[in-house]
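The values are calculated or read from the model by the stated rules, or taken from the named source; none is laboratory data. Everything numeric in this text was worked out from a predicted model, so none of it was measured. Using ideal geometry, Cβ is built from the backbone for each residue, glycine included, and neighbour counts are taken over all protein chains shown.
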Amino acid sequence: MKASCVGPAGARVLVAMGCVVLGCAGPVAPLRAQVPPPTVPVNSPVSTPEPTGSAVSSEAQRLYERARAHLVQIRTLLNGQGSQSSVGSGFVVAGGQRIVTNYHVVSQVALEPQRYRLTYSHVDGRQGQLQLLAVDVVHDLAVLAPVAGEQGAGSESPQEARVGLSFRPAGQVLQQGEHLFSLGNPLDVGFAVVEGTYNGLVERSHIPSIFFSGSLNPGMSGGPALDAQGRVIGVNVATRLDGQQVSFLVPGEHAVALLNRARKAAPVTAPMYAEITRQLMSYQADLAHRFLALTWRDGGHERYKVPVPQELFMRCWGSSSAADAKGLQYERSECGMNQGVFVGGFLQTGTVSTRHEIYDGRALGAWRFAHQMGASYANEGLGGGRHRTPARCAQRYVDAQGLPMRAVVCMSAYKKLPGLYDLTVLSMSVDSDQQGVLGRFDVRGVAHDNAMRLADSYLKGFGWTTSPSR
């Protein structure tokens, strides 16, 4: 599924796996083409639907007028020449002393504060400098503050400065279909309000996310989503690129928690890799614990037992060769998470995925079957590149509940996130010269001990459905 942020106008891909497409409501960086799955953040332009009404509803107009004093556009600039690198949205809280936005809107400053700086532009044209105080990479949030000595970024008067936007109390549960209003600066063309409805939390997602039926666009990332009383219920973060009126919000409770942590935080002056690593370590521990607590599902094949994960926070898709296909017959299954964790640039992590292919080559004969199955096994790509070390692999033959298999376990270390690795397990049965199963298991951003536990669990998921004929 491809996922892209509605953040800085130049939407970023948050996740890419399977066949669903999300788009970040993110910063407005130079717009770039969407990359194929499974990948990392890129900026993705999203077309704006034609308006369905003759004018903005009076309710939306009223809320916008009340909230406009506290809306800001956030720009990431290169130091020195001052050219714009990305643009997103944000909103003022805490009496003009704090601004909430998405992490991906300000990720360049978080990772390279000596190279980039932040500014805000108020809805009435006032501008100023910003400081980054704290981030929550897992929930894609950041807290900023105006540079000391400057007027509060969201205040039009001392009275309004003491108010700011407030959050809806956690005890007041939203109802399905409740009217919501998202605000931000889409595609760097001006501040706007988008009407939509609340549809609960996204199903089968490890990271909580609100399903919002409204048209978010790049540049709106970090803007607020309000209820009918003008209270913040969430933060704009992503939109589906393959659908209509399907967007996503970070629940407001996570922004409140980050604001509390940032209350006495000092401005960020050095790269935040250590803090980001700490957060990702906590995230991977929770993900691994939750995944290992689940049992593998039965793949339903008449010969092989294969490890298919529960779809509690993953989605699975299947395919097969045509019924009248001649030659190699196959069944394929792919399972993956819809959302991972965006770190920066083209670095995406925090996901689990599996794939298996069961082949029947009795119509080919042993030699041709061995050639095709071996070519498929050798065609698997591994880690490495800019953010990770080249993969180091170990191979051995294992007994998977009586099924003999060849297994290769590979790990690639993150260069700037010490203690985190990408795990890949490749497996191939060696029980027959005309039938077989190939499997692949990937975990992005996991500690070494959890990687070994996950690999062991995966290989133990293979076996026989029934006793072999020979």
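Residues of region 423-452 that are buried (at least 16 other Cβ atoms within 10 Å of the Cβ), of a type outside the set (A, V, I, L, M) and in contact (Cβ under 8 Å) with a residue 40 or more places away in the chain: Thr424, Ser429, Gln434, Gln435, Gly436, Gly439, Arg440, Phe441, Asp442, Arg444, Gly445, Asn450. Looking at this structure, is Ala394 of a type outside the set (S, T, N, Q) and over 23 Å from Gly361 (Cα atoms)? Yes. Listed by position, the strands (runs of 3 or more DSSP E) inside region 255-348 whose residues that are hydrophobic (A, V, I, L, M, F, W, C) number at least 2 are 315-320, 341-344. Just to be sure, is Leu423 under 29 Å from the mean Cα position of the chain (by Cα), over 30 Å from Gly345 (Cβ atoms) and outside any loop (DSSP other than H, G, I, E, B)? Taking the combined requirement at face value, the residue does not satisfy it. Quick one: is Asp399 surrounded by fewer than 19 Cβ atoms within 10 Å (Cβ to Cβ), modelled with pLDDT under 95 and assigned to a strand (DSSP E or B)? Here the answer is yes, as Asp399 does meet what is asked.
Please verify whether region 241-259 includes one or more residues that are of a type in the set (D, E, K, R), under 30 Å from Asn185 (Cβ atoms) and surrounded by 13 or more Cβ atoms within 10 Å (Cβ to Cβ).
Start the filter on region 241-259 by keeping residues that are of a type in the set (D, E, K, R), which leaves 242, 253.
Still in the running and under 30 Å from Asn185 (Cβ atoms): 242, 253.
From the residues that got through so far, the ones that are surrounded by 13 or more Cβ atoms within 10 Å (Cβ to Cβ) too are 253.
Yes, region 241-259 contains at least one residue that is of a type in the set (D, E, K, R), under 30 Å from Asn185 (Cβ atoms) and surrounded by 13 or more Cβ atoms within 10 Å (Cβ to Cβ).
Looking at region 129-145, is at least one residue on the phi < 0 side of the Ramachandran plot, in a loop (DSSP other than H, G, I, E, B), modelled with pLDDT under 95 and in the same structural domain as Arg68 (by TED's automatic domain parsing)? Steps first, please.
Here is the first cut: in region 129-145, the ones on the phi < 0 side of the Ramachandran plot are 129-139, 141-145.
So of that shortlist, the ones also in a loop (DSSP other than H, G, I, E, B) come out as 137-139.
From what is left, the residues that are modelled with pLDDT under 95 are none.
For region 129-145, residues on the phi < 0 side of the Ramachandran plot, in a loop (DSSP other than H, G, I, E, B), modelled with pLDDT under 95 and in the same structural domain as Arg68 (by TED's automatic domain parsing): absent.
For region 297-327, the set of residues classified as buried (at least 18 other Cβ atoms within 10 Å of the Cβ) and either closer than 19 Å to Ser429 by Cβ or among the basic types (Lys, Arg) (or both) consists of Gly299, Arg303, Tyr304, Lys305, Val306, Pro307, Val308, Arg315, listed by residue number. In summary, strands (runs of 3 or more DSSP E) completely within region 160-213 and bearing 2 or more residues that are of a type in the set (Val, Ile, Thr) and closer than 17 Å to Glu65 by Cβ occur at 192-201. Looking across region 260-271 at every residue that is surrounded by 13 or more Cβ atoms within 10 Å (Cβ to Cβ) and of a type in the set (A, V, I, L, M), the one that is farthest from Asp227 (Cα to Cα) is identified as Val268. Filtered by the rule that a residue be of a type in the set (Phe, Trp, Tyr) and out of contact with any strand residue (DSSP E or B) (no Cβ under 9 Å at 6 or more places or on another chain), region 361-417 gives a lone residue, Trp367. Here Tyr359 meets each of (1) in contact with a helix residue (DSSP H, G or I) (Cβ under 8 Å, 6 or more places away or on another chain); (2) without any contact (Cβ under 8 Å) to a residue 40 or more places away in the chain; (3) of a type outside the set (Val, Ile, Thr) with one exception, condition (2).
Here Met220 meets each of (1) outside any helix (DSSP H, G or I); (2) crowded, with 22+ Cβ neighbours inside 10 Å; (3) not assigned by TED's automatic domain parsing to the domain that holds Leu133 with one exception, condition (3).
Among residues of region 157-184 that are more than 16 Å from Gly234 (Cβ to Cβ) and assigned by TED's automatic domain parsing to the domain that holds Asn217, those with a Cβ under 6 angstrom from a residue that is modelled with pLDDT of 90 or more and surrounded by 13 or more Cβ atoms within 10 Å (Cβ to Cβ), sequence gap 6+ or separate chain, pair up as Glu160/Ala69; Gly164/His70; Gly164/Val92; Gly164/Val93. Scanning region 359-390 for residues that are buried (at least 19 other Cβ atoms within 10 Å of the Cβ) and either of a type in the set (Lys, Arg) or in a loop (DSSP other than H, G, I, E, B) (or both) turns up Gly361, Leu364, Gly383, His387, Arg388.
The residues in region 97-118 that are in a strand (DSSP E or B) and either of a type in the set (Val, Ile, Thr) or within 16 Å of Val137 (Cβ to Cβ) (or both) can be counted, and the count is 3. Say we look at region 146-159 and pick out the residues that are in a loop (DSSP other than H, G, I, E, B) and of a type in the set (S, T, N, Q); which of these is modelled with the highest pLDDT? The qualifying residue modelled with the highest pLDDT is Gln151. Screening region 402-414 for residues that are farther than 21 Å from Tyr304 by Cβ and hydrophobic (A, V, I, L, M, F, W, C) and picking the one that is surrounded by the fewest Cβ atoms within 10 Å (Cβ to Cβ) gives Ala413.
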